[in-house]
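A.B. asks: I have a structure here, written as structure tokens, and I will follow up with some questions on it.
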Amino acid sequence: MTQSLTERYRDRLAGVLSCYDRIVITGTLPGACYAQGMTSFLYSRGIRIFDYARFAEPLRERIRARAQEACAEAGIEIEHINKPHIRKEEVVAKVLARRGEHPGLVHVISAMESCASYKPWHDKNSGKTYLRPDSGKCLHYYFYFIDEALGLCYLRVPTWCPFRLQFYCNGHSWLARKLTSAGIDFSLADNAFVRVADIERAQALADAMKPDELHRRLDRYAKRFCPVRDVFGQAYHWSLMQVEYSTDLIFRSEAALKPLYEQLSREAVLSVKADQVAHFLGKKVTPQLAQELDTRFTTRIEGTCIKHRFGKIGVKMYDKFGCVLRLETTTNDVSFFKHHRKVEHRDRHATRELAPMKKTIYSLIDLREILLGCNRRYLEFLSALEDTSGGARDLVRLSEPHKDGERSIKGLNFFQRTEQRLLRALQRPEFNIHGMRRADLQRHVAELSRSALSRQLHRLHLLGLIKRVAHTYRYYLTRLGRAAIAAACSLTQFNIVPALAFAK
């Protein structure tokens, strides 16, 4: 029976910790973030549409003045960066090395960057004058600061209407401050915990992240660094732009992780297919989605990284500092995921049903469970890949005949064509979620009649490859079945077929 990596390497692990990593949030003014809303706002204030630029210019100067005031209070100067190859993170890291980690404003960087905007327009056919969506460039300020609860953050503030904000924080930095407040000793390298004195309590703290506390801090920083809310009479609406959730296997030494990671990364590149990536994310592959799937192997400064991409969602594996194996799910569109929630309809009645996740920051609570599930499914897949030797031993036992009363049930022949098709059908990712029935398998093994397929299911059940759900005709692969089929497919695809090809 296949063990998970956490069970197999229990004596070499210091712990397993799952936590939010990178979180990027956008802030928008509800009545000004779209052209029609801004048009209505100008009309309500008696401002001519073609005076839009004249209306926005004083607000730009107000933000510039606030940036200079904040810098004067902190005793720092604004640094302008106009070269794309200069990484802002590296600039701030040098400032932090001199300044220290105490709370407060760290640095302010200005840069000319693209931004959304509006363009006055008069429609001669309808006689209406309104704003149309447009884009351009304006000066942006990056306010880097250390928050007493969130750690190092930044707020990106454009100096042109509609003043769409961008906020960054890191869940590991937030958790580090929680651990310090709770008196739990730890060692943090970059954004990875390499040692935690009480891993169970740390996990409980990581799961207790509250969006309402984050909301209050966002409002406070928006008011401080972007003083335009009073003009529009609205509070900012905060939405999730990019979210990363990581599961870290913290090894006690580099010697314990290095050989394992080398094997996992090699086999993941060869073995992970499109339908498996979809399964990690709880989805099914369709012809439209298949073209958005890929797997990439990249070399980073810290090591190597395996990344599987599904549209705007990614699952990746990499090592950090030689002792942390990180599995991470990244999403640039949280509405990709669906969950059961309250849905308000146009006639104002509400129902509870399966619907895309909302992009509000309050979805962080439900999103945590979904992203954790993605990491767990990836971990299960990697566990089966790594333990091919155990699967091979089970194959020997499964290939021998078994007794079913007075009848003899033959063992599996993993090299017989029909048997291979049946086993590969059992391995299809969609069956891992909802299970399988005879009718589900029929279209994948057309050469078997309904009665023959029933006999095969009974045989596989006796051999221990599948288990039956009580009072139903639905089956699931057992751990033994999943490991045995993975080992057989790996043996055939990566050993026997290449050896026969080279023998010609």
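A.B. asks: Mind checking which aspartates and glutamates have their C-alpha under 16 Å from LYS94, skipping anything on the same chain fewer than 8 residues away?
C.D. replies: GLU77, GLU79, ASP190
A.B. asks: Sticking with this one: Reachable aspartates and glutamates from LYS283, Cα under 16 Å, same-chain residues fewer than 8 places away excluded?
C.D. replies: Leaving aside aspartates and glutamates fewer than 8 places away in the same chain, those within reach of LYS283 are ASP275, GLU292, ASP294, ASP333, GLU369, GLU430.
A.B. asks: Can you give the helix-only mean residue ellipticity at 222 nm for the chain, where every DSSP H stretch with n ≥ 4 adds -39500 (n - 2.57) and the sum goes over all residues, rounded to the nearest 500 deg cm²/dmol? Walk me through the numbers before you get to the answer.
C.D. replies: Details: 19 runs with 204 residues, N = 504.
Here the helix-only value at 222 nm equals -12000 deg cm²/dmol.
A.B. asks: Still on this structure, I have one more. What angle, in degrees between 0 and 90 and rounded to the nearest 10, separates the Cα long axis of helix 364-386 from the longest principal axis of the Cα atoms of the chain?
C.D. replies: Rounded to the nearest ten degrees, it is 40.
A.B. asks: Another question about this same structure. With an 8 Å Cα cut-off and a minimum separation of 6 or more residues, compute the relative contact order for the chain in percent.
C.D. replies: On the way: 828 pairs, mean separation 77.2, N = 504.
Value for the chain: 15 percent.
A.B. asks: Right, here's the next one. Quick one: dipole size for segment 1-134, taken about the Cα centre, charges +1 on Lys/Arg Cβ and -1 on Asp/Glu Cβ, in debye to the nearest 20. Don't skip to the end; give the middle numbers.
C.D. replies: Working: 21 positive and 16 negative charges, 73 e Å.
Rounded to the nearest 20 debye, it is 340 debye.
A.B. asks: Ignoring any ligand, DNA or RNA, what whole percent of the accessible area of the chain comes from carbon and sulfur when the probe is 1.4 angstrom? Walk me through the numbers before you get to the answer.
C.D. replies: Details: 13110 of 26100 Å².
Its accessible area is 50 percent carbon and sulfur atoms.
A.B. asks: Return one number: the angle in degrees, 0 to 90 and rounded to the nearest 10, between the long axis of the Cα atoms of helix 211-225 and the longest principal axis of the Cα atoms of the chain.
C.D. replies: The angle comes out near 30 degrees.
A.B. asks: So for segment 181-240, taking the charge dipole from beta-carbon charges (+1 Lys/Arg, -1 Asp/Glu), which of ALA206, PHE232, ALA182 sits furthest toward the positive end?
C.D. replies: Positive-end residue among those listed: PHE232.
A.B. asks: With charges only on Cβ, +1 for K and R and -1 for D and E, what is the dipole size of the chain about its Cα centre, in debye, rounded to 20? Walk me through the numbers on the way to the answer.
C.D. replies: Numbers: 81 positive and 55 negative charges, 319 e Å.
Dipole magnitude for the chain comes out near 1540 debye.
A.B. asks: Can I ask one more? I'd like the orientation of helix 35-44 relative to the chain: the angle between its Cα long axis and the longest Cα principal axis, in ° from 0 to 90, rounded to 10.
C.D. replies: The angle comes out near 30 degrees.
A.B. asks: Another question, if that's okay. Between ASP347 and ARG468, what's the calculated FRET efficiency when r is the beta-carbon distance and R0 is 35 Å? Round to 0.05. Intermediate results must be reported in sequence, preceding the final value.
C.D. replies: Numbers: r = 44 Å, r/R0 = 1.27.
Computed FRET efficiency for ASP347 and ARG468: 0.20.
A.B. asks: Moving to a separate point now. Take each of the peptides 309-320, 29-40, average the number of other beta-carbon atoms within 10 Å over its residues, and list them starting from the highest.
C.D. replies: 309-320, 29-40
A.B. asks: Work out the FRET efficiency for GLU148 and GLU73 from their Cβ-Cβ distance, taking R0 = 25 Å, and round it to the nearest 0.05. Display every interim value, and only then the final one.
C.D. replies: Values: r = 17 Å, r/R0 = 0.68.
With R0 = 25 Å, the Cβ-Cβ based efficiency is 0.90.
A.B. asks: Once you have the Cα-Cα distance between ASP366 and HIS340, take 0.36 nm times their residue separation minus that, and quote the gain in nm to one decimal. Please list the in-between numbers first.
C.D. replies: Values: separation 26, 0.36 × 26 = 9.36 nm, distance 0.98 nm.
Contour length minus the Cα-Cα distance gives 8.4 nm.
A.B. asks: What does a probe at ALA208 reach in segment 154-180, counting residues whose amide N is under 11 Å from the point 7 Å along Cα→Cβ?
C.D. replies: What the label zone holds, given the 11 Å backbone N cut-off, is 178-179.
A.B. asks: Can you give me the accessible area per residue for the chain, using a 1.4 Å probe, in Å²? All intermediate terms of the calculation are to be shown ahead of the outcome.
C.D. replies: Working: 26100 Å² over 504 residues.
Counting only protein heavy atoms, the per-residue value for the chain is 52 Å².
A.B. asks: Sticking with the crude label model, points 7 Å out along Cα→Cβ, report the distance from ALA439 to HIS402 in nm, one decimal please.
C.D. replies: Distance between the two pseudo-spin positions: 2.7 nm.
A.B. asks: Projecting each Cα onto the charge dipole of the chain (Lys/Arg +1, Asp/Glu -1 at the beta carbon, about the Cα centre), which of SER114, GLY31, THR159 comes out farthest on the positive side?
C.D. replies: Farthest towards the positive end: GLY31.
A.B. asks: Same structure again: For LYS342, give me every one of the aspartates and glutamates with a C-alpha distance below 14 angstrom, ignoring sequence neighbours fewer than eight places off in its own chain.
C.D. replies: GLU353, ASP366
A.B. asks: Any idea which of ALA439, CYS374, LEU460 is furthest toward the positive side of the dipole for the chain, if Lys and Arg beta-carbons carry +1 and Asp and Glu beta-carbons -1?
C.D. replies: Going by the charge dipole, the pick is ALA439.
A.B. asks: Starting with the highest mean, order 120-129, 258-267 by the number of other Cβ atoms within 10 Å, averaged over the residues of each peptide. Numbers along the way, then the final one.
C.D. replies: Numbers: 120-129: 10.5, 258-267: 15.9.
Order by mean packing, descending: 258-267, 120-129.
A.B. asks: Can you compute the charge dipole magnitude of segment 420-471 about its Cα centre, using +1 on each Lys and Arg Cβ and -1 on each Asp and Glu Cβ, nothing else charged? Give it in debye, rounded to the nearest 20.
C.D. replies: Working: 11 positive and 3 negative charges, 23 e Å.
Using Cβ point charges on Lys, Arg, Asp and Glu, segment 420-471 gives about 100 debye.
A.B. asks: Once you've got the Cα coordinates, tell me which of LYS210/LYS312; LYS178/LYS210; LYS338/LYS467; LYS273/LYS316; LYS88/LYS358; LYS258/LYS307 are over 23 Å apart. Let's see the in-between values first.
C.D. replies: Working: LYS210/LYS312 25 Å; LYS178/LYS210 12 Å; LYS338/LYS467 28 Å; LYS273/LYS316 14 Å; LYS88/LYS358 31 Å; LYS258/LYS307 18 Å.
Where the Cα-Cα span goes over 23 Å, the pairs concerned are LYS210/LYS312; LYS338/LYS467; LYS88/LYS358.
The values are calculated or read from the model by the stated rules, or taken from the named source; none is laboratory data. What you are looking at is a predicted structure, and each value in this text was computed from that prediction instead of being measured. When we count neighbours, we look across all protein chains shown, and the Cβ atoms used for this are built from the backbone with ideal geometry, even at glycine. Keep in mind that these areas ignore ligands, DNA and RNA; they rest on the heavy atoms of the full protein, side chains included. Shrake-Rupley method; radii C 1.70, N 1.55, O 1.52, S 1.80 Å.
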